[in-house]
Amino acid sequence: MSTGGNPARGGNSEEAGLWVFAPERGLLSIAGLGTLLDGSGSTMYLRDRQGQNRILLQLDADGNPSIEMRDSNGNVTWRAQ
């Protein structure tokens, strides 16, 4: 869990998140919930064990939601906006 962004990237007071890591994959997160790195909204994702986003939920800066489901190659198989 982090707040205030990554200090190595200069930090960002609007950046915060919670990540779940697969024990066998080191620093590869398999689930996450947080603000977007550029501060333009929020995101929640689930990844497979290879690190591919499979489900991606986002809110843009205006609060508009979107949902994407992707196959193992990263191709969008379903989307709602």
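The values are calculated or read from the model by the stated rules, or taken from the named source; none is laboratory data. Everything numeric in this text was worked out from a predicted model, so none of it was measured. In this analysis, Cβ positions are derived from the backbone assuming ideal geometry, glycine residues included, and neighbour counts consider all displayed protein chains.
Below is a table of values for the structure above.
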{"quantity": "Qualifying residues in the stretch 35-81 (those that are basic (Lys, Arg) and either on the phi > 0 side of the Ramachandran plot or modelled with pLDDT under 95 (or both)) - the one surrounded by the fewest Cβ atoms within 10 Å (Cβ to Cβ)", "calculated": "Arg49"}
{"quantity": "Selected residue (criterion: nearest to Arg79 (Cα to Cα)) from residues of the stretch 28-60 that are of a type in the set (Val, Ile, Thr) and under 9 Å from the mean Cα position of the chain (by Cα)", "calculated": "Thr43"}
